[in-house]
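Pasting in a structure now, in C-alpha cells, and then I'll have a few things to ask.
The values are calculated or read from the model by the stated rules, or taken from the named source; none is laboratory data. Treat the numbers as computed from the prediction; the structure is a model and nothing was measured. Note that each Cβ is placed from the backbone with ideal geometry, even for glycine, and that neighbours are counted across all protein chains shown.
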Amino acid sequence: MHHVSQNKYNKIVLRIILGVGLFSSAPLVRAEEASSKPEKVPDGCDLLSRGPGVALQDTEVTLHGFLENFLGDLKKDKFENLNSYFHPRAKVKSDIGDKIKSIIDSRYNAPLQYSIFRVWRLRSAEASKDVLENCPESDGAKIISSYGYEKQYAVWIQIMGQNELGRLILSIAPDKGKDSIVGFRIQQWTQSGDDWRTWAGKGENAKARKSNKEAYLAYDIAQKLVDGKDLVIYPVQNELLKKRDAIFSQAKLVDAVNSDLGTQSTAYVGTLLAKEGSGIFLREYIAKELPSQTLDNLCTARGQALQKTGWLNVNQGVRCNFIFKNMDPTKDSGLGGFYKTSEDLKLALKK
C-alpha cells in the first residue's frame with residue numbers, strides 16, 4: 001500500500017509550456033523598397049538527427065553542445081542542474097529538476113538509458129506558433145512550434161527503463177547566442193510494455209467481444225499515450241477518444257461504476273498509468289473528513305469490488321482520491337490519496 005500526497009500526484013502530470021521572446025515593431029518600408037525584399041521563407045520542418053548515432057556538431061554546433069550537456073546531467077542523475085537549461089523568462093523554480101526526477105522515478109524502473117531519438121529544425125518566417133504537419137519521421141505527429149522564434153528545434157529524447165519507454169519532448173530556441181528550453185513535456189510511450197497501437201488493438205478486440213468495460217479502459221490508455229498537449233498533436237488521439245466516448249461518456253461511466261459498487265459516492269473515473277501496471281483511478285465524495293486509516297481501508301475495498309465486478313483484472317491496481325461535494329470532481333484534493341497495487345489488494349484478501 002502506498003499513501004500518496006496531493007502534491008506528488010499533481011506532479012505526475014507535469015507540463016511546462018512556455019512562450020518567450022522579445023518583439024519590436026517592424027520599420028516602415030517604402031513601396032520602391034518592397035519589391036527588392038526577399039521572398040518570405042516558407043514555414044518548415046527539417047529532420048536533423050535520427051537516433052543517437054547522428055551527430056549535430058557539423059550542422060548545429062550550439063545545439064550539439066547543449067544536448068551533450070543536458071544528456072550528461074540526465075545520465076549522471078544531476079537533476080538539480082536542469083533548471084539552468086530553461087529560458088530565464090520561463091521563471092521555472094530551482095526545484096524543477098527534482099520534479100522531473102520524481103515523475104521519471106514514478107514511471108520507469110532503473111537503470112535508465114537516455115538517448116536522442118529525433119531532432120528537427122523548425123522555421124517560422126513570422127515567428128508564430130504553428131502546427132507543422134509534415135515533419136519527417138514524426139510517428140504521425142504534428143509538431144507545434146513555440147511563439148516568438150523564427151528558428152527553433154524540436155527534440156525528442158528517449159527514456160528506456162526496464163519496464164517502459166518514454167520521451168522527453170523539448171522545444172529549444174536560440175536567443176542571444178544561447179539555446180534554451182522554451183517548452184517541455186514528459187510523454188509516456190508504453191504502458192505495461194505496450195504502445196498505443198497495441199492498446200488500441202486491445203480496445204478493438206474487447207469491443208468485438210462486447211466487453212465494454214475492458215474496451216473503454218483500453219481506448220483511454222491508448223489515447224493517453226499519444227497525448228502531446230501543447231507541443232505535439234497526434235491526430236489519432238481524437239479517433240481514440242471518439243471510440244472511447246461511444247462506449248461510455250464520463251457521466252455514464254460514473255453511473256455504471258456506482259451501480260456495480262452499490263454506491264452513489266463515485267465522482268470521477270479514469271485510467272491509471274503506474275509503474276506496476278495499468279488500473280483505475282477513482283475520485284469519491286465523502287461527507288466529512290475521515291481518519292487516514294478509514295480512507296485507506298475504503299480504497300482497498302473499492303479496488304477489490306472493482307476486481308469482482310470486472311472493471312479490474314487481478315494484475316491491475318486502483319488509486320483513490322477523496323473530495324467533498326463542493327469540490328471539482330475533475331481535480332484531486334488534499335483530503336487523502338491512496339494507491340493500491342494488485343499485490344496490495346491480494347494481500348488484503350488474505351488478512
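Which condition number in (1) touching a residue at least 24 places away in the same chain (Cβ under 8 Å); (2) buried (at least 17 other Cβ atoms within 10 Å of the Cβ) is the one that Asn212 fails?
(2)
Hey, can you tell me all the residues within segment 253-286 that are free of Cβ contacts under 8 Å to residues at least 24 places away in the same chain and either hydroxyl-bearing (Ser, Thr, Tyr) or not assigned by TED's automatic domain parsing to the domain that holds Leu312 (or both)?
Once the filter is applied, which keeps residues that are free of Cβ contacts under 8 Å to residues at least 24 places away in the same chain and either hydroxyl-bearing (Ser, Thr, Tyr) or not assigned by TED's automatic domain parsing to the domain that holds Leu312 (or both), segment 253-286 yields Ser259, Thr263, Ser265, Thr266.
What single numbered condition from (1) under 29 Å from the mean Cα position of the chain (by Cα); (2) touching a residue at least 12 places away in the same chain (Cβ under 8 Å); (3) surrounded by fewer than 21 Cβ atoms within 10 Å (Cβ to Cβ); (4) within 23 Å of Ala218 (Cβ to Cβ) fails to hold for Asn313?
Every condition holds for Asn313 apart from (2).
From the list Ile233, Ile221, pick out the single residue that is surrounded by 17 or more Cβ atoms within 10 Å (Cβ to Cβ), closer than 30 Å to Ala348 by Cα and either among the aliphatic types (A, V, I, L, M) or assigned by TED's automatic domain parsing to the domain that holds Thr341 (or both). Even if it seems obvious, please write down each step before you answer.
On the way: Ile233 fails: closer than 30 Å to Ala348 by Cα.
Being surrounded by 17 or more Cβ atoms within 10 Å (Cβ to Cβ), closer than 30 Å to Ala348 by Cα and either among the aliphatic types (A, V, I, L, M) or assigned by TED's automatic domain parsing to the domain that holds Thr341 (or both) holds for just one of Ile233, Ile221, which is Ile221.
Can you tell me which residues in segment 295-310 are surrounded by 17 or more Cβ atoms within 10 Å (Cβ to Cβ) and hydroxyl-bearing (Ser, Thr, Tyr)?
Passing the criteria: only Thr300.
Turning to a different aspect of this structure: Quick one: Ser146 ticks every box in (1) farther than 29 Å from Lys252 by Cα; (2) at pLDDT 95 or above; (3) touching a strand residue (DSSP E or B) at 6+ places or on another chain (Cβ under 6 Å) except a single one, so which number is it?
With respect to (1) farther than 29 Å from Lys252 by Cα; (2) at pLDDT 95 or above; (3) touching a strand residue (DSSP E or B) at 6+ places or on another chain (Cβ under 6 Å), Ser146 is out only on (2).
Does Lys76 meet the test of being among the basic types (Lys, Arg), assigned by TED's automatic domain parsing to the domain that holds Ile172 and surrounded by fewer than 14 Cβ atoms within 10 Å (Cβ to Cβ)?
For Lys76, the condition - among the basic types (Lys, Arg), assigned by TED's automatic domain parsing to the domain that holds Ile172 and surrounded by fewer than 14 Cβ atoms within 10 Å (Cβ to Cβ) - is met.
Can you tell me which residue is farthest from the chain's Cα centre (by Cα) among those in segment 183-209 that are farther than 13 Å from Gln223 by Cα and touching a residue at least 40 places away in the same chain (Cβ under 8 Å)?
Selected residue: Lys207.
How about segment 275-298: which of its residues are out of contact with any Ser or Thr (no Cβ under 6 Å at 6 or more places or on another chain) and over 22 Å from Val314 (Cβ atoms)?
Arg283, Ile286, Ala287, Lys288, Glu289, Leu290, Pro291, Ser292, Gln293, Thr294, Leu295
Kindly evaluate Gly270 against the criterion of being closer than 28 Å to Asp195 by Cβ and crowded, with 21+ Cβ neighbours inside 10 Å.
Values: closer than 28 Å to Asp195 by Cβ: yes; crowded, with 21+ Cβ neighbours inside 10 Å: no.
It is false that Gly270 is closer than 28 Å to Asp195 by Cβ and crowded, with 21+ Cβ neighbours inside 10 Å.
What's the number of the only condition in (1) in contact with a helix residue (DSSP H, G or I) (Cβ under 6 Å, 6 or more places away or on another chain); (2) part of a helix (DSSP H, G or I); (3) at pLDDT below 95 that Glu80 fails to meet?
(3)
With the structure loaded, tell me whether Thr309 is among the β-branched types (Val, Ile, Thr) and under 21 Å from Leu253 (Cα atoms) or whether it fails that test.
When the stated conditions are applied, Thr309 passes them.
Please verify whether segment 121-134 includes one or more residues that are in contact with a helix residue (DSSP H, G or I) (Cβ under 7 Å, 6 or more places away or on another chain), closer than 18 Å to Arg167 by Cβ and not assigned by TED's automatic domain parsing to the domain that holds Leu231. Steps first, answer last, please.
Of segment 121-134, the ones in contact with a helix residue (DSSP H, G or I) (Cβ under 7 Å, 6 or more places away or on another chain) are none.
No, the conditions are met nowhere in segment 121-134.
I want to confirm something. Restricting to segment 94-127 and keeping residues that are over 19 Å from Asn69 (Cβ atoms) and aliphatic (A, V, I, L, M), which single residue is surrounded by the most Cβ atoms within 10 Å (Cβ to Cβ)?
Leu122
Right, another one. Regarding Asp194, is this residue at pLDDT 95 or above, crowded, with 17+ Cβ neighbours inside 10 Å and farther than 30 Å from Asn69 by Cα?
Taking the combined requirement at face value, the residue satisfies it.
Any residue at all in segment 182-190 that's of a type in the set (A, V, I, L, M, F, W, C), buried (at least 24 other Cβ atoms within 10 Å of the Cβ) and in the same structural domain as Pro88 (by TED's automatic domain parsing)?
Yes; the residues of segment 182-190 include at least one that is of a type in the set (A, V, I, L, M, F, W, C), buried (at least 24 other Cβ atoms within 10 Å of the Cβ) and in the same structural domain as Pro88 (by TED's automatic domain parsing).
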